[in-house]
Every structure is written in C-alpha cells, then in structure tokens.
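Structure, as structure tokens:
The values are calculated or read from the model by the stated rules, or taken from the named source; none is laboratory data. Here the structure is a predicted model, which is why all the values come from computation and not from measurement. Here the Cβ positions follow ideal geometry from the backbone for every residue, glycine too, while neighbour counts run over all protein chains shown. In case anyone asks, the SASA skips ligands and DNA or RNA and just uses the protein heavy atoms, side chains included. Shrake-Rupley method; radii C 1.70, N 1.55, O 1.52, S 1.80 Å.
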Amino acid sequence: MNKIGFNTLVWSAAMPDELFPVLDRLKEIGYDGVECLIGLRDEKSYLRFGDYTANIGLETTAVFVLGKEENPVSPSAEIRSKGLDKIKWAIDCGHAMRASIIAGPYHSAHGVFSKNAPKDDEYMWSAEVLHAAAEYAEKAGIVLALEAVNRFECYLCNTVAQLDRLISKIAHTHVKAMYDTHHANIEEKNVSTAINTIAPVLAHVHISENDRGTPGDGLVHWKETFATLASINYTGWLTIEAFSRNDPDFANAINVWREYSKPWDIATKGLAFIQQQCAAQKLLASF
C-alpha cells in the first residue's frame, strides 16, 4: 500500500527544532511521512528529527546531492573517493533520522557540466562509487533511490532510460530508482513508457508539478501518471516535492525566484489531490 509523504524543503533546507510544529500539522492533516534534505553538518539534528518524527508516528525519507569536489564521475580518483565518503556520511545521517530511502541525483555532481555528452567511463565511475555506497547502505537498512533530473541540473542521467542503464551497471539490491514528475515532464516523451521502463527498479516517486507549486494546478499528465503507477502495481512512497522562497538562501541556490503556491496550500491541496487520483486510478494508498 502506497504511503504519502511531504518534503520539508518548501519551508527550510535545514532541520531546526522550530520545524517540529510543521511536522505535527503534517501528521494531523493525514501524511504518513516527511522527507528532508541531508546537507546540514550538524549530525545531532538528524537524530533529533528522527526521534521526533518517530514519537508522533511519521516515517522518514531523505534527499541528497553532491557538489563539484565530490563528483562520482570526475576523472580524478581522489574526487570520486571524496564522493563515496560523502555518500557514506549521508547514509549515517539517514540512519540517525531513521530514513528508509535516500533519494536524489547523487550519481553525479548537481549543477556540474563537462560540456560533453555523458561518456561510458563516466557511467562506469559512477557505478563503481555507487556499488560501494550500496554495500554501506545495505548495512544501515537504507535504499539508495537515484533520480534522473533535467538537462539544466545534470548531464549523466536526464531520462529514466539513462538511469536504468546506470542502475543495471551498479547491480546492487540496495540501489533503486526514483521517478520525479517535474523532471519527467521536461525530459520524457511519454509518461507511460518512462514509468514502465523504470518499473522493475522503481522505489520512490516525487509528486511535483511542472512549476514546483501545488500538484494538480499545472501541466503534468497526472491521470496518465497515476494510471501507469497503478498498472505496474507500484507500492512505494508518493512524496510531494515543491519549492518556495521561504528559505531565501536555498531558493537562490536552486533558482526559485517567485512564489508558486503557499506552503500550506501545497500541503493540504496536494494531499487531497493525491488521494483523489489514487482513488480514481485504483492505486492503493494509506488513507
């Protein structure tokens, strides 16, 4: 049965204790879990976050990215090694916050480009790093859910076909795929084909509108998305990822220059929209 989650990035890229009332309300309105960014170097905050969510009955997942000096597809073995170390650190943080999944495009450095199409060596380097990371993640009971993101954010995996190729090379049970409706809306030619391509390794889904606002208010092909997820018997998370300018530093870093929707409108209307779509397409959700 699918569970419905909400990513707290719409409020903050950090995990301050001041976020706890937000978690309380997300639980009250019907969410099964919350998702946060692993980035803050205050490791104790992940432990507090995990303890608090567990106490109020919310499950946790996480997202994560790598930077230029930790790039798994760098020609430099030293930089690739730093990438592996950073992923292991993220796994430690994820374990502290009781996350079952760490999702994101950390197959390569976010926002770093080679000015060339991806090369076979780069897929090989990424696979080597991520296989080693998966060995570490397995011991922590965490699944690494890799994400294909649009051409403006990375070049290694823009489509799920590219992502599927990489996951096949990694060949580890603790490396799966995430499907993000925002990125797919930019890069994929057909929603059903894309989801069916990645179906055997699909472990996580981000419900994200084309403008990163409230799901259902934009251009994403929602009926086809939910119908296809139902047809493959998808049973993983349906997690809303939306953005705002609530955290200005984070918003500036990801080029969010205007408000798309109010955070609580996204949370309340987004939850109702997912429930409606699940019911219409007979996708079994937890409500």
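Does residue 193 meet the test of being surrounded by fewer than 23 Cβ atoms within 10 Å (Cβ to Cβ), part of a helix (DSSP H, G or I) and among the hydroxyl-bearing types (Ser, Thr, Tyr)? Yes; evaluated as a whole, the condition is true for this residue. Looking across region 131-143, the residues that are over 18 Å from residue 70 (Cβ atoms) and either of a type in the set (A, V, I, L, M, F, W, C) or not in a helix (DSSP H, G or I) (or both) come down to 140, 141, 142, 143.
The requirement of being within 18 Å of residue 74 (Cβ to Cβ) and either in contact (Cβ under 8 Å) with a residue 40 or more places away in the chain or in a loop (DSSP other than H, G, I, E, B) (or both) is fulfilled nowhere in region 199-221; no residue meets it. When each of 54, 109 is tested for being under 19 Å from the mean Cα position of the chain (by Cα) and aliphatic (A, V, I, L, M), the lone residue that passes is 109. Considering 194, 171, the condition of being out of contact with any Phe, Trp or Tyr (no Cβ under 7 Å at 6 or more places or on another chain), on the phi > 0 side of the Ramachandran plot and free of Cβ contacts under 8 Å to residues at least 60 places away in the same chain is satisfied by 171 alone. Per the listing 205, 175, the residue uniquely open to solvent by less than 10 Å² (accessible area, probe 1.4 Å), within 24 Å of residue 274 (Cβ to Cβ) and of a type outside the set (D, E, K, R) is 205. Out of the residues in region 244-287 that are of a type in the set (Phe, Trp, Tyr) and either part of a helix (DSSP H, G or I) or in contact with a strand residue (DSSP E or B) (Cβ under 9 Å, 6 or more places away or on another chain) (or both), which is surrounded by the fewest Cβ atoms within 10 Å (Cβ to Cβ)? Top of the filtered list is 264.
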